[in-house]
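What follows is calculated from the coordinates using simple rules that are stated; it is not laboratory data. Computed from a predicted structure; not experimentally measured. Because the Cβ atoms are built from the backbone with ideal geometry, glycine has one as well, and the counts that use them run over all protein chains shown.
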Amino acid sequence: MNEMSTEGLRGAVPHAVTTPDRIPAARYYDPAFYELEKQHLWPRVWQMAARLEEIPDVGDYAVYRNLDQSVIVIRTAADEVKAYQNHCRHRGVELVQKRGKARGGFICPFHGWRWDKDGNNTFVYEPTAFSADNMCKADLDLVPVRLETWMGCAFINFDDGAPPLRDTLGDFGRKMDGFKAEQLRAEWWLAARLPVNWKLAMEAFMEGYHVATTHPQLLPMGVTNKPGDARYIKLPDDAVTATFWITMGSTMPDEVDSRQFIDAYAEVMQVLSEGMAGMTSPEEVEIVRSLRDTPLPAHPAAAAAAFRTILNDAIADYYKSNGMDCGDFNALDRERLATNVNFLFPHFFMLPVHGAASSYRIRPTGPEECIFELWSLKRYPVGQEPPIPPVPEPKPHDDPSWPPIPRQDYANLPRQQRGLHGAGFEYMRLSEQMEGLVSNFHRLEDGFIGGASQAALVKGMQTVSGAIDVPVRYWE
Ligand code: FES
Ligand SMILES: [Fe+2]
């Protein structure tokens with residue numbers, strides 16, 4: 001696609017991103033724009049519909065809803081999961097409402113039509129009372145929805161012409177395969193109802209630029225984000241992980257004391273663990289503490305690199321000796337795939353720290369409201385997995401039970417949504433170096449709304465999915 005035709009497409013999109021580091025505010029509240037997303041984005045993308053541990057046995061199903069669509073995700077065999085539109089082929093009643101077990105298939109509660117778990121219609125009450133035209137098999141079986149399983153999750157796509165999920169994953173796929181994310185199980189699952197546009201909610205997690213101000217507890221003691229102060233930290237350009245740069249960013253002298261360094265590292269992991277009520281597991285914090293007598297090089301960068309290698313191996317050994325698989329963390333580091341926050345277009349995040357992770361999914365429920373779900377994911381020995389968490393009832397964004405870190409993020413969001421309406425606030429101005437993912441996301445969205453070619457959209461998805469904190473990128 002040449003430059004001119006791309007510009008032509010973008011011109012057809014209302015509130016289009018025409019300057020990459022400026023995002024028009026109306027994209028976050030104009031109902032007409034929301035409608036365009038509903039028509040041109042959501043029906044054509046892979047959506048994370050369920051975690052597979054929700055449906056462990058044949059016949060187990062989970063319902064995934066987004067906008068006005070409802071889909072049944074059902075395990076049809078030990079190694080097979082399928083999806084159907086959740087509506088009766090007679091007069092449209094939703095067949096199931098929540099997660100459940102359909103051992104004998106589905107029965108419509110209105111007039112009793114039935115289907116087996118493979119979606120075949122098995123019963124119509126008084127079929128001779130209908131014209132033959134209305135009783136052909138294709139009209140009676142449940143409508144299938146494309147589904148692919150990967151990374152311990154079921155993904156669905158309403159577009160039969162969309163590329164396979166694998167072709168769209170970009171670096172996100174390599175990261176999660178190397179991390180063996182498919183081995184993780186949900187420790188807990190929560191949901192927040194946020195009074196903000198779904199994109200705004202996601203973008204609070206697309207850059208680490210906000211961490212120093214919004215989450216000051218994540219700064220090492222004595223460090224500040226006030227420019228001009230001698231204790232001001234500048235984030236290193238080549239940060240491997242958040243824990244790495246936070247530890248590195250402390251006001252350590254030219255030479256580090258090994259024990260002091262390892263204690264600081266354990267402290268950061270502890271604060272993350274408490275702040276997220278997950279994300280780093282307490283077992284891993286204990287492993288850090290158990291290493292405190294490890295001698296490290298005196299130079300801070302060398303100490304950090306050496307410690308990370310030692311710690312990665314110690315954590316991997318812990319998992320393997322307890323019968324859990326976790327991948328090679330040092331190989332991920334060498335390939336620069338061990339980033340802490342990773343986005344999967346269009347609405348999903350994975351946040352691994354060493355062997356555990358948090359995960360987010362965001363779904364719109366109106367132009368200015370959304371559901372933000374969080375999972376804490378851990379590795380468990382076979383047979384010791386926790387019970388399946390119940391489907392969460394969304395809680396208000398300011399519910400006092402939120403762990404400290406999401407509570408801090410959620411506190412900014414309603415204020416930001418209101419501020420976007422302010423007269424004279426035409427667009428967000430982004431750092432093209434640190435907030436590039438926000439721009440990359442919106443320009444890919446414009447590609448969907450404006451009718452870019454499938455080849456351009458695939459390249460865009462491969463470019464956008466992966467680490468956060470990336471610069472503005474181009475793919476056309
Ligand atoms: S609406 Fe389902 S059987 Fe009539
Ligand atoms: Fe945050």
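Brief remarks on what is shown
- For Glu255 and Asp160, the difference between the fully extended length at 0.36 nm per residue and the C-alpha to C-alpha distance is 28.3 nm.
- Overall form of the stretch 362-476 per C-alpha gyration tensor (a/c, 1.5; a/b vs b/c): oblate
- Efficiency of FRET between Ala138 and Gln270 - r from beta-carbon atoms, R0 51 angstrom, step 0.05: 0.30
- Cβ-based exposure ranking for Ser359, Ser376, in which fewest neighbours within 10 Å come first: Ser376, Ser359
- Sparse-neighbour loop sites [chymotrypsin sites (Phe, Trp or Tyr not before Pro); the stretch 418-469; at most 16 other C-beta within 10 Å; DSSP]: Phe425
- Look at Asp409, Asp79 and count the other Cβ atoms within 10 Å of each Cβ; fewest to most, that gives Asp79, Asp409.
- Of the trypsin sites (Lys or Arg not before Pro) found in the stretch 64-172, those in coil by DSSP whose Cβ has at most 15 other Cβ atoms within 10 Å are Arg91, Lys98, Arg103.
- Cα shape, the stretch 259-331, gyration tensor, a/c 1.5 rule: oblate
- Phi-based couplings in Hz for the stretch 464-470 (Karplus 6.51, -1.76, 1.60; Gly and Pro marked x): 6, 7, x, 5, 8, 6, 9
- Label-to-label distance for Gln97 and Asp325 is 4.0 nm, based on points extended 7 Å past Cα in the beta-carbon direction.
- In degrees, nearest ten, helix 436-450 long axis to first principal axis of the chain (Cα): 20
- Exposure proxy ranking for Met202, Met434, based on other Cβ atoms within 10 angstrom of each Cβ and starting from the fewest, stands as Met434, Met202.
- Extension gain for the segment Arg193 to Arg44, taken as residue separation times 0.36 nm less the Cα-Cα distance, is 51.2 nm to one decimal.
- Disulfide-incompatible cysteines by the Cβ rule (no partner under 4.7 Å) in the chain: Cys136, Cys153, Cys326, Cys370
- Links that overshoot a 25 Å alpha carbon limit, given the list Lys82/Lys180; Lys82/Lys459; Lys320/Lys459; Lys38/Lys459; Lys175/Lys395: Lys82/Lys459; Lys320/Lys459; Lys175/Lys395
- DSSP-loop chymotrypsin sites (Phe, Trp or Tyr not before Pro) across the stretch 88-196, with at most 14 other Cβ within 10 angstrom: Phe110, Tyr125, Phe130
- Taking each residue as 0.36 nm, the span from Trp475 to Thr309 lengthens on full extension beyond its C-alpha to C-alpha distance by 56.4 nm.
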